[in-house]
Amino acid sequence: MKEICLFDPGYENNYGKFSANLGDLIIQESILRELNNIFQNANIMSVSTHQYPDWHLFKTIHKADYKFVGGTNLLSSNMNEYNQWKIRLRYTPIIGRVILMGVGWWQYQEEPNNYTKFLLNRVLSKKYYHSVRDEYTAEKLRKIGIRNVINTGCPTMWHLTNCAAIPLRKAEFVLTMLTDYNTDPALDLKLLNILKDNYRKIYFWPQGRSDARYINELGVSVELLDHSLYSLDQLIDSNVDFDYIGTRLHGGVRCLTKSIRSLIIAVDNRAKEISTDTNLPIVNRNDLDTIQKWIKSPSKISINVNQDRISQWKNQFN
């Protein structure tokens with residue numbers, strides 16, 4: 001039985017508490033699904049990316065047959081100052097060589113500093129190909145000498161291959177999501193008013209810890225869902241006919257994988273770069289006219305997931 005260590009964004013800490021950003025759980029679910037398909041009957045141990053490992057974990061991490069970092073925008077140009085993946089340079093001899101799986105770069109940034117170059121070249125595997133979320137991330141890594149990189153897209157989209165079932169025309173209701181750490185009250189209110197004018201009811205799913213508080217502060221009447229992945233899936237699996245329009249990327253991808261007509265409002269580099277590579281349906285936040293047109297006009301969604309690259313990355317473990 002293979003022993004696998006997964007640096008996992010789905011856990012807020014190493015004591016079993018799940019991340020408050022439920023998008024991390026959507027990523028976690030996809031990562032585990034793919035790893036279980038590749039390594040059948042493997043023992044997968046998760047270590048939180050949100051918390052530095054305790055010393056008692058290092059022995060287990062070191063002995064694992066494979067070590068993966070699963071998804072999200074964990075890499076940055078100044079990892080000595082900003083590191084969503086909680087790792088330090090002195091950990092690298094203990095941890096050993098790690099394999100990226102659908103990982104992206106945090107924001108548009110300058111070239112990586114010397115600390116980041118040294119850290120990533122020390123901790124990332126030179127034997128196996130790394131899977132990255134978009135071409136922007138792939139280029140960042142190549143420029144610092146890490147060339148064993150394949151742009152596979154985000155694992156949450158790897159099985160998004162049948163877009164024919166996604167409706168062309170607007171639904172009766174709408175689901176929206178907003179982002180607690182990237183707010184624009186003026187534009188967000190305009191969006192909500194557009195939704196109110198075009199749909200019978202607005203559902204709101206709080207993906208982040210403070211999303212519900214933010215929508216309440218905006219003072220627009222919505223049907224607020226619970227802060228749980230179960231509540232989103234319950235709406236998706238119901239008979240409610242709805243579109244998705246909102247700023248949350250992974251909540252939107254969840255809807256697309258369930259054949260929900262969806263438009264993701266891009267507020268950072270993640271959706272923009274994924275869209276460049278895959279034709280993910282996005283719109284800039286201030287482009288309200290395009291949002292209006294998308295709602296009212298038939299729109300075919302056709303997403304291009306590069307299965308050859310995904311298979312190339314997976315097959316190296318056979």
Computed lengthening from Asp289 to Glu3, 0.36 nm per intervening residue step minus Cα-Cα distance: 97.8 nm
Low-density loop positions, trypsin sites (Lys or Arg not before Pro), segment 73-131 - DSSP coil, at most 11 other Cβ in 10 Å: Lys126, Lys127
Rounded FRET efficiency, nearest 0.05, which uses the C-beta distance separating Lys196 from Ala20 and R0 of 41 Å: 0.90
Helix-only mean residue ellipticity at 222 nm for the chain, each DSSP H run of n ≥ 4 adding -39500 (n - 2.57), per residue, nearest 500: -10500 deg cm²/dmol
Of Lys2/Lys140; Lys201/Lys296; Lys127/Lys314; Lys272/Lys300; Lys2/Lys59; Lys196/Lys258, pairs whose Cα-Cα distance is over 22 Å: Lys2/Lys140; Lys196/Lys258
Cα gyration tensor, the chain - rounded (a/c under 1.5), prolate or oblate: prolate
Cβ-placed point charges (K, R +1; D, E -1), dipole of the chain about Cα centre in debye, nearest 20: 940
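Just tell me the longest site-free run in the chain, where the sites are chymotrypsin sites (Phe, Trp or Tyr not before Pro) in a DSSP loop having at most 15 other beta-carbon atoms within 10 Å.
182-316
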For segment 173-296, alpha-carbon Rg over 2.2 N^0.38 Å: 0.96
Shape of segment 136-224, Cα gyration tensor, a/c cut at 1.5: oblate
Linear extension gain, Lys296 paired with Leu89, 0.36 nm per residue minus alpha-carbon span: 69.3 nm
Sequence-distant residues sharing a close amide H with Ser19 (under 5 Å, placed H): Tyr11, Glu12
Cα-based shape type of segment 173-228, given that a ≥ b ≥ c are square roots of the gyration tensor eigenvalues and the cut on a/c is 1.5: oblate
The chain, relative contact order [Cα under 8 Å, separation at least 6], %: 17
At most 13 other Cβ within 10 Å, DSSP loop - GluC sites (Glu not before Pro), segment 97-143: Glu110
Label-point gap, in nm, between Asn13 and Leu218 - each point 7 angstrom along Cα→Cβ: 3.2
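Report the trypsin sites (Lys or Arg not before Pro) located in segment 228-318 that are in a DSSP loop and have at most 12 other Cβ atoms inside 10 Å of their Cβ, or state none.
Here the sparse-neighbourhood loop sites are Lys300.
Only bridges with both residues in the chain count here: give the DSSP antiparallel percent, nearest 5.
5
Where a number appears in this text, it was derived from the coordinates with a stated rule and is not lab data. These numbers were taken from a predicted model, which means no experiment stands behind them. Positions of Cβ are generated from backbone atoms using ideal geometry, with glycine treated the same way; all protein chains shown enter the neighbour counts.
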